[in-house]
Each structure stands twice: as C-alpha cells, then as structure tokens.
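J.: I'd like to ask some things about the structure below.
The values are calculated or read from the model by the stated rules, or taken from the named source; none is laboratory data. This one's a predicted model, so the numbers in the text were calculated from it and none came from an experiment. Because the Cβ atoms are built from the backbone with ideal geometry, glycine has one as well, and the counts that use them run over all protein chains shown.
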Amino acid sequence: MSMADANGNILIVTAFGTTGATAPVLPPNSAEGTTVVDGSLTWTVVSPTSQGFRLNSLPSATGPTFQITPYYQLDPPKFALQSQLLNPIPDSFSRYFYRGLESECLLASGSPADMKRGQIAKVAWLNALIESMKQGDREMNSYGLQPASSVVEQRFGWGGAYTADNPY
C-alpha cells in the first residue's frame, strides 16, 4: 500500500495495522526512510528517484500470492528555464547522454571538420541508444510466472491420470 501525503512525500506501509482518523503528513522533502505512525500502522518515506519496476502477468486472485516490494520513480522534470539542471541522470544512462551532448555540440560548431565529426558521432550515438533499448527490453510480453504443478489436483481413473489420450 502506498500514498503521497499533502506535501508530496511518497509513503509506503512498512508495518501493517489500522490507520488513524487523519492521513499522515510529513514535512516537505522528508528524507528517505523517515517513518510516521498512523494509528497502529507505520508509513515510511521512499525516494521518488528510486528504481521503478514493471509487473507483467499479475498473479491470479485465487492462486499463489507473491510479495511485491514497490519502488517509485518520478517523471522526468519539465524544463522552464535554461538554468535548470537535469538531475539526476541515472548512472547507467549517463554515457548515452554525454555522447548525444558531444555530437550535438560538434554539429553546432562552425568548423566543417567538427561538423563532420558531429555527424559521425550522432550516428554512433543513435546506434548506441538503439542497442541500449534492446539491452533493457529483455522481458518479452509473453513471459510470466508459471507454477510447476496445477492449482487443481490431477484426476485419476482406473487407467491412470485423465489426459487427452486417456479421457476415461
């Protein structure tokens, strides 16, 4: 269970219980790990720049249950001023950002030699972006958790298990 309080902090339940009469509110920009007690329930602040997750093929409502620990990530900031910074650039993607920045700077140069280097660098950068997307897209939509055995017991008859080739 998670929520955002009135000051924009993202809170997750870390100790289950019963909530109080009013929603918990922490000071703005509370540090990650800060806790607040709400009735007999404990909420903990999580960082909005933590890694996100994707859950494909939700478990069935009547089948086995899975513990899922969520981590949240904010949308990228929208730039309104040139003085704003892109913060944070995830470490795993910083090299792609800097490659693109370098290629665009070379393309903006007045020197024909630099512009030629920029064209080559831009092609290399775009190819690197395509490769990075392929690296991160290892979860095919058809993947899912499959139980090793059926939730329903197998039925047996006098001739063994009921199967397509032995239906009686």
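J.: Just for the stretch 33-63: of the residues that are of a type in the set (A, V, I, L, M, F, W, C) and in a loop (DSSP other than H, G, I, E, B), which one is modelled with the highest pLDDT? Can you show your working first?
T.: If we filter the stretch 33-63 for residues that are of a type in the set (A, V, I, L, M, F, W, C), which is where we start, we get 36-37, 41, 43, 45-46, 53, 55, 58, 61.
Now narrow it down to the ones that are in a loop (DSSP other than H, G, I, E, B): 53, 55, 58, 61.
Details: F53: 53, L55: 54, L58: 60, A61: 67.
Step by step, filter the stretch 33-63, then rank; the result is A61.
J.: Just to be sure I understand the filter: pairs with C-beta atoms under 8 Å, separated by 6 or more residues or on different chains, first member in the stretch 111-128 and touching a residue at least 24 places away in the same chain (Cβ under 8 Å) and in the same structural domain as Y98 (by TED's automatic domain parsing), second member surrounded by 13 or more Cβ atoms within 10 Å (Cβ to Cβ) and among the polar types (S, T, N, Q). Which pairs pass?
T.: Pairs that qualify, where the first residue is touching a residue at least 24 places away in the same chain (Cβ under 8 Å) and in the same structural domain as Y98 (by TED's automatic domain parsing) and the partner is surrounded by 13 or more Cβ atoms within 10 Å (Cβ to Cβ) and among the polar types (S, T, N, Q), are A124/S103; W125/S103.
J.: If you don't mind, another one. Would you be able to tell me the number of residues in the stretch 102-115 that are part of a helix (DSSP H, G or I) and surrounded by fewer than 13 Cβ atoms within 10 Å (Cβ to Cβ)? Explain how you work it out, then say what you get.
T.: So the first thing to find is which residues in the stretch 102-115 are part of a helix (DSSP H, G or I), and the list is 102-108, 112-115.
Retained after the next criterion (residues that are surrounded by fewer than 13 Cβ atoms within 10 Å (Cβ to Cβ)): 105, 108, 112-113.
The total comes to 4.
J.: Since Y98 meets every condition but one in (1) within 22 Å of the chain's Cα centre (by Cα); (2) at pLDDT 85 or above; (3) outside any loop (DSSP other than H, G, I, E, B), which condition does it not meet?
T.: If we test Y98 against (1) within 22 Å of the chain's Cα centre (by Cα); (2) at pLDDT 85 or above; (3) outside any loop (DSSP other than H, G, I, E, B), just (1) comes out false.
J.: Would you pick out the residues in the stretch 1-32 that are in a loop (DSSP other than H, G, I, E, B) and among the hydroxyl-bearing types (S, T, Y)?
T.: First, the residues of the stretch 1-32 that are in a loop (DSSP other than H, G, I, E, B): 1, 5-9, 16-32.
Listed by number, the residues that qualify are T18, T19, T22, S30.
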